[in-house]
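A.B. asks: I'd like to ask some things about the structure below.
Computed from the coordinates by the stated procedures, all read-outs in this text should not be read as laboratory data. Owing to the predicted nature of the structure, the values given are computational and were not obtained by experimental measurement. Every residue, glycine as well, gets a Cβ built from its backbone with ideal geometry; the counts of neighbours run over all protein chains shown.
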């Protein structure tokens, strides 16, 4: 980073470039969220901080905070414990089908949460496969679902790092007489630690802001901060309390993102070559068993859905899939499910395009070298602010859209663009996290060489940056596409019902009585999961390690 | 080889943009300002469902297309309208029920409108006093405890009949209900207990909790997962649902439902329609409200939304007269009392039922 480069942070050019994504973020994220918070903080037009403090003193709020804290911590620890060995198996061993498995572990992350909630409940209900364990409606069920969603992030983050840990250092230590555990403690772990810390903070963030699963699995007994904000806003219209919790959530998220950022700084650039995978040996049995157990745990809810979708009143068949061409029993839907799938694909395309365009600019800017400490801090803040959508309540964002984007020139409430824009905001942080490590890995000297050979800025960009980053950009677009396909929280607040996406249709189907509608919902879930899995498999083919890694 | 990846990348990006452009051009019909008079937007709850033919008949008659905008359950619908009052998200609203009507009216969300030429039976569903000028009754339904008759027959047990029976240790661990804070039938059930036990309702709920009642977030969860006859693998044969639920449990090839509603446990929900204050197309909303009170729309209600038409002369679907009877004496709580106490009741209920 000490060498001279053609452009430095922040030059007037970068400032203009930075203004584009910033403007979009302000209009479609910060402004709506602040609008919602303002309603709570200025209840009658006057600022009332006392009311906020009063909320934080409520015993119920303490219970909610404690529950959020301990379930998220437990789920994070379990996800790391389950994921790290799998990361080793998938990224260091010559495991057959590892590319498929790599896509599979990330699949839960992009599945709609409401669907997973129902799938888990079917497994745990007294008559379900694990009914005897009596886990239904307990925090254990919630934690299991949170682990289910987040194992993939741990596997990907730690795995891509593990792939690049220098094998020679490990071998040297072993040759010098270190036992395997000593090698792990003294060589491997220090190299992995940043990845584990980074993954753990992001997993904790996702766990503490989980919504759909906590609502379905927690019943009413258990609420976390996110579901509490939802209840306070939609049912009780207690906007002051909702704002108080939202602000608390924002503070915690900022701290977590900062922790993740510090950890990531220590990671070597993504460009480092992956070391060769070794052959499987007999002593890997335990490791492989563990991996198989984790994969089974990830597959089980998905298989439950698959079986339910094939179950018909008189045996097995594809009836529920054929029903997708219609509007369900008793007109549960306004449009056929197939139309919703088509709509989902178009929206996902739009969202992925927006997210990619904005994310590429952000990733480009944050991967530029900085000269001064102040510029470095500015860059970090710029990077951090685009991560905020990861942790802000979808309810707050959704309602914020309704109350702020309501007058020209921004009267977008009835616009078909609203859903893709909202989804792009959700996918944006993931695009940035996929692309920026790859761009950071470009040696500044390469760009210098190109410009000294007479290439202009644009030409350098095409010949150097794009040449290295095109895979990452394509993979990021695919990942954003998959996330958008499964996005439910914000979409459910914004989607027009004459034009819904598939997750919204699934939710409508399971909200209507009748076994036929439920069967159709499971069929739609399977179609959605299969589409998503297909996209993720294609993304895997691009071999970009930073997808789903933090 | 050098340029190929870039070409591929640009090709993918290009096709994505083309798709994006195509997608948007066919999906924004009806939003053009010039057509405002031809389209009316009706905000409603997630349970909305209506036969396409009926909606087409309205368009044929008036030249107006209806756009339905679902906004969550009745509570979320009302609260969204409160948050966007003055610059509403729709022209008219359908689905505010008697538990939320006074909040919507007190917050100034609605303009006065009452359909002039309406069936005579509608008046008995009108809101009290001045509030009747804002909202038109459209349909009603009874939220009642349902039981799985087959389950009780197999166990050789006498099924419960009343609210008091539900706290009887005989039925310990058999009852599941959606919560009052997260579901509108759940709130209706809380109000049924308020109507039945007055100020003593908290002690009734304490007994229910002691008798191991299961409280789920939503109706879907309670009925399709925990109820024994809801299509899932449930283990609880008593569930809170509607008086109109049993006809949907008639097995294939059978002619009798396997469940029934306990008509001494019901709370009546009446759903209303009104014109929103600040609507862009108030005339269109008025016309649609008029249409909702015609027999054509009224008789389509039971099949599409499992509710009873307020026009009692409208014919009911086959079997409803036998298997989906309404309660003769549902529990009631005055609307003003609901508005005044809802927040306190819910808070107290939550502390008892969800610890």
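A.B. asks: Based on Cα positions only, what radius of gyration and what Dmax would you give for the range A:172-274, in angstroms?
C.D. replies: Gyration radius and largest Cα-Cα distance of the range A:172-274: 20.5, 67 Å.
A.B. asks: Which of B:142, B:130, B:226 moves most in a GNM of chain B, Cα contacts under 10 Å?
C.D. replies: Comparing B:142, B:130, B:226 in a Gaussian network model of chain B, the most mobile one is B:130.
A.B. asks: Relative to the present Cα-Cα distance, how much length would full extension add between residue A:94 and residue A:293 at 0.36 nm per residue of separation?
C.D. replies: The residue A:94-residue A:293 span can extend by a further 69.8 nm.
A.B. asks: Would you mind giving the average projected area, over all directions, of the Cα convex hull of the range A:297-378 in nm² with one decimal?
C.D. replies: That works out to 10.1 nm², a quarter of the Cα hull's surface.
A.B. asks: Counting other beta carbons within 10 Å of each residue's own, what order do B:105, A:229 fall into, fewest first?
C.D. replies: Listed from fewest to most nearby Cβ atoms, that is B:105, A:229.
A.B. asks: In peptide B:179-187, how many Cβ atoms from other protein chains are near each Cβ within 10 Å, on average?
C.D. replies: Taking all residues of B:179-187 together, the mean is 3.
A.B. asks: For chain A, what is the calculated [θ] at 222 nm in deg cm²/dmol (nearest 500), taking -39500 (n - 2.57) for each run of four or more DSSP H residues and dividing by its residue count?
C.D. replies: About -22000 deg cm²/dmol.
A.B. asks: Can you tell me what share of the DSSP beta bridges in the protein assembly as shown is antiparallel? A percent to the nearest 5 is fine.
C.D. replies: 60
A.B. asks: Here is a follow-up. How do B:260, A:415 line up, fewest other C-beta atoms within 10 Å first?
C.D. replies: Ascending Cβ contact count within 10 Å gives the list A:415, B:260.
A.B. asks: At a 10 angstrom cut-off on C-beta neighbours, averaged per residue, how do the peptides B:187-200, B:70-83, A:472-485, B:145-158 rank from highest to lowest?
C.D. replies: A:472-485, B:70-83, B:187-200, B:145-158
A.B. asks: Between B:250, B:40, B:176, where does the largest GNM mean-square fluctuation fall for chain B, given springs only between Cα atoms within less than 10 Å?
C.D. replies: Of the options given, B:250 has the highest mean-square fluctuation.
A.B. asks: Moving to a separate point now. How crowded by other chains is B:227-236, given as the mean number of beta carbons from other chains within 10 Å of each beta carbon?
C.D. replies: 5
A.B. asks: I'd like the FRET efficiency for residue A:54 and residue B:106, computed as 1/(1 + (r/R0)^6) with the beta carbon distance as r and R0 of 22 Å, rounded to 0.05.
C.D. replies: After rounding to 0.05, the efficiency reads 0.35.
A.B. asks: Now for a separate question. Of the candidates B:84, B:44, B:326, which one comes out as most mobile in a Gaussian network treatment of chain B with C-alpha springs shorter than 10 Å?
C.D. replies: B:84
A.B. asks: Can you pull the Rg over Rh of the range A:91-198, Cα-only, Kirkwood?
C.D. replies: Looking at the range A:91-198, the ratio lands at 1.14.
A.B. asks: Taking chain B as the region of interest, what is the percent of Cα-Cα pairs per 20 angstrom bin, listed from the shortest bin to the one with the maximum distance?
C.D. replies: Answer for chain B: a P(r) of 28, 50, 18, 4, 0 percent.
A.B. asks: Rg/Rh for the range B:242-355: what does it come to with C-alpha atoms and Rh from Kirkwood?
C.D. replies: Reported Rg/Rh (Cα atoms, Kirkwood Rh): 1.06.
A.B. asks: Please state the Cα pair-distance histogram of the range A:417-550 with 10 angstrom bins from zero: what percent is in each bin?
C.D. replies: Here the calculated profile for the range A:417-550 is 12, 30, 27, 17, 9, 4, 1, 0.
A.B. asks: Give the average over all directions of the projected area of the C-alpha convex hull of the protein assembly as shown, one decimal, in nm².
C.D. replies: 39.6
A.B. asks: Per-residue mean of other chain beta-carbon atoms within 10 angstrom of the beta-carbon, peptide B:212-223?
C.D. replies: Average per residue, whole number: 5.
A.B. asks: Per DSSP H run of n ≥ 4, the term is -39500 (n - 2.57); total these for chain B, divide by its residue number, and report the mean residue ellipticity at 222 nm rounded to 500 deg cm²/dmol.
C.D. replies: Value at 222 nm, helices only: -10500 deg cm²/dmol.
A.B. asks: Over 25 Å apart: what share of the alpha carbon pairs of the range B:117-232 falls there, rounded to a whole percent?
C.D. replies: Above the 25 Å cut-off, the range B:117-232 has 35 percent of its Cα pairs.
A.B. asks: Could you list B:240, A:461 so that the one with the fewest beta carbons within 10 Å of its beta carbon is first and the one with the most is last?
C.D. replies: By the 10 Å Cβ count, ascending, the order reads A:461, B:240.
A.B. asks: Would you mind checking the tilt of helix B:184-197 against the longest principal axis of the Cα atoms of chain B, expressed as 0 to 90 degrees and rounded to 10?
C.D. replies: It works out to around 30 degrees.
A.B. asks: Just how far, in whole angstrom, is the range A:346-381 from the range A:456-511 if you go by their alpha carbon centroids?
C.D. replies: Taking the Cα centre of each part, the range A:456-511 and the range A:346-381 sit 16 Å apart.
A.B. asks: Can I ask one more? Got the relative contact order for chain B handy, in percent, Cα pairs under 8 Å and 6 or more residues apart?
C.D. replies: Result for chain B is 24 percent.
A.B. asks: Shape of the range A:187-346 from its Cα gyration tensor (a ≥ b ≥ c, root eigenvalues): rounded if a/c is under 1.5, otherwise prolate when a/b > b/c, or oblate?
C.D. replies: oblate
A.B. asks: Is the C-alpha gyration tensor of the range A:1-141 telling us rounded, prolate or oblate? Criteria: a/c under 1.5 is rounded; beyond that, a/b larger than b/c is prolate, otherwise oblate.
C.D. replies: Here the range A:1-141 falls in the oblate category.
A.B. asks: Here is a further query. Does the range B:37-77 come out rounded, prolate or oblate by the C-alpha gyration tensor, with a ≥ b ≥ c the root eigenvalues, rounded set by a/c under 1.5 and, if not, prolate when a/b is larger than b/c and oblate if not?
C.D. replies: Because a/c hits 1.5 or more and a/b fails to exceed b/c, the range B:37-77 counts as oblate.
A.B. asks: For Cα pairs less than 8 Å apart in space and 6+ apart in sequence, what is the mean separation divided by the residue count of chain A, i.e. the relative contact order in percent?
C.D. replies: Reported relative contact order: 25 percent.
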